[in-house]
Structure formats: structure tokens, C-alpha cells
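Student: One structure coming up, written as C-alpha cells, with questions to follow.
Every number in this text was worked out from the coordinates using simple rules, so none of it is lab data. The shown structure was predicted, so the numbers you read here are calculated from the model rather than taken from an experiment. Positions of Cβ are generated from backbone atoms using ideal geometry, with glycine treated the same way; all protein chains shown enter the neighbour counts.
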Amino acid sequence: HKFPVVVPAAGVGKRMQADRPKQYLHLHGKTLLEHTLHALHAHPRIGQIYLALHPQDPYFGHLPIADADWLTRVDGGLERADSVLAGLNQIMDADWVLVHDAARPCLRHQDIDALLSLADGQHGGILACPVRDSMKRGNGAGLVATSVCRDDLWHALTPQFFPLPALREALQHALTEGHTITDEASAMELASHPVALVEGSPDNIKITHPQDLALAELYLTERSK
Ligand code: CTP
Ligand code: MG
């Protein structure tokens, strides 16, 4: 059967320093958001996409996909977690749900496959890839406080995939308690749910800074060859 996805796309893209939120920047004639949504929708096991947008978003309505019946638009919130929760609260009938950043347009079909296989097991999990560089913790004053062992250290990516009722409850609880949570896994961890690490492709980058756009363009060009 198919799984619903929440796509948070209500951010302003402050670090990108562009003239519009980064999800509306263009790559190969399409917005980043369209690349992301098409990557999800092209997968046969992906169902309805709940898209969290800024309540005053002036861009989405002009896209060719604005009226697609596989998209449900919801108003996002102040933080990413608020936007995700707004999306989750629109889903009526699902056992499992994916959450995927609008700002990750290079998602691969086989990474979705790998993540969805968790639905056969006991608990949810996330796409992640092993850290490559040596890791340091700073002392807050420009010096290295300590080296952090790189063994079993991972970059947390999206999609993240969890049972819907547990995720909804965990996110709601974390927000009520005032925790800073940058992804779904951190809310699940706080609620003591196990979170599986599923190794994904390192080219599933989040467009965050201006130079990331050229990298995403390269990855998408390589793939279309
Ligand atoms: N997001 C959201 N609602 C928010 C904040 C972020 O839906 N209130 C979404 C973004 O649109 C993005 C994803 O969450 O797709 C990851 O967030 P991030 O990369 O931090 O995007 P922005 O918040 O837009 O960027 P910045 O932090 O640089 O302002
Ligand atoms: Mg942000």
C-alpha cells in the first residue's frame, strides 16, 4: 500500500540569502520544490503529499502542479516542527508517514525503497550517511575543546519514516515541553522510541547555503544523462 508524506516547505531560507525562499529557486527550469515533489510522487509507494506552506506564500499558486490532486496544501508554522505537525494533523487514515524536507531535491528512488522497508519491522527510522571528516567540538572561543570519535557518527537526512500516531504524539509533546527539535528523529528519541539508521546516498543534500545550489544542479544533471 501507499504511504503519505509531509513536506515542510514553509521556511524563508534565511541562510540562502536569495530574493525568495530557496524552495522557489530554479534548477533546470523547475523550482527546487517541484524537483522534490516529483521525486516523491514518482515512487509507486508514495501516496498523498501534505505540503506545508507559509500562510502568505505568493509563489506556489503559480506552479503547474498547484492544483495536482496528489497534493494537499496546509498552512505551516513558525518552526519546522510546527509545519510538520500541521501536516501530520491533516492525515486521517494512515499507519506510517514519511517527512521530507522541501529543500532536498536530489532524493533517490532506491533510498525511498530502503527506508520504506522499515514498515515490515517494529520501529521507524531515518536516512543517514556516515560522517567522513574528522570531527571536533569547539570550546566556544575558536579553539578545539576535543576531538569527537567519528565511529558510528551519522548525518541525519530526510525522509524520516515513523508510525503516524507515535510521531504525532512525540512531536506534540516535544513542542509543548519547549525542546528544540530539528528533525522527527529527535522527537522520537525524546519519547524513547528506537530510531533505525538506514544508510542513504550522500548526494541527498539539503540546500542551505548559496553554494549548495551548484552541487544540486550537478547531481541532478548527472542523473538525467
Ligand atoms: N520549514 C518549514 N517551516 C518552518 C521552517 C522551515 O516548513 N517554519 C521547512 C523549510 O522550508 C525546509 C525544511 O523545513 O524545506 C528545512 O528547513 P531549513 O533548511 O532550515 O529551511 P529554512 O528554515 O527555510 O532556511 P533557514 O533556516 O536558512 O532560514
Ligand atoms: Mg530553518
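Student: Using Cα positions and a limit of under 30 Å, work out the lysines in reach of residue 14, with same-chain residues fewer than 8 apart set aside.
Tutor: Reachable lysines: 22, 30, 136, 206.
Student: Name the long-range amide H neighbours of residue 74: under 5 Å, sequence gap of 5 or more, or other chain; modelled H, no Pro or chain starts.
Tutor: HN-HN under 5 Å from residue 74: 51, 52, 53.
Student: Only four residue types carry charge here, +1 at the Cβ of Lys and Arg and -1 at the Cβ of Asp and Glu. Report the dipole size of the range 3-224 about the Cα centre in Debye, rounded to the nearest 20.
Tutor: 620
Student: Here's another thing I want to ask about it. Show me, for the range 75-81, the HN-Hα J-couplings you get by feeding each phi into the Karplus relation (A = 6.51, B = -1.76, C = 1.60, θ = phi - 60°), rounded to Hz, glycine and proline as x.
Tutor: Residue by residue, the range 75-81 yields 6, x, x, 5, 10, 3, 4 Hz.
Student: When the Cα centres of the range 122-176 and the range 186-225 are compared, how far apart do they sit, in Å?
Tutor: 12
Student: Nearest 5 percent is fine: what portion of the DSSP beta bridges confined to the chain is antiparallel?
Tutor: 45
Student: Which order do peptides 116-124, 140-148, 49-57, 62-70 fall in by mean Cβ count within 10 Å, highest first?
Tutor: Values: 116-124: 14.2, 140-148: 9.0, 49-57: 19.3, 62-70: 11.2.
Top of the packing list down: 49-57, 116-124, 62-70, 140-148.
Student: Between residue 153 and residue 63, 0.36 nm times their residue separation minus their Cα-Cα distance comes to what? Don't skip to the answer; put the middle values down first.
Tutor: Values: separation 90, 0.36 × 90 = 32.40 nm, distance 3.90 nm.
Gain in length upon complete extension: 28.5 nm.
Student: DSSP loop (so not H, G, I, E, B), at most 10 other Cβ within 10 Å: list which trypsin sites (Lys or Arg not before Pro) in the range 62-171 pass both filters. The partial results should precede the final answer.
Tutor: Details: sites: 73, 80, 108, 132, 136, 137, 150, 168; in loops: 108, 132, 150.
Here the sparse-neighbourhood loop sites are 132.
Student: Distances longer than 27 Å among the Cα atoms of the range 3-224: what percent of all pairs is that? Write out the running numbers ahead of the final one.
Tutor: Working: 7881 of 24531 pairs.
Tail of P(r) above 27 Å: 32 percent of Cα pairs.
Student: Right, next: Determine ³J(HN,Hα), in whole Hz, for all residues of the range 160-173 in sequence, where each value follows from phi through the Karplus function 6.51 cos²θ - 1.76 cosθ + 1.60 and θ = phi - 60°; x replaces Gly and Pro.
Tutor: Values per residue, Gly and Pro as x: 10, 9, 9, x, 4, x, 5, 5, 4, 5, 5, 5, 4, 5 Hz.
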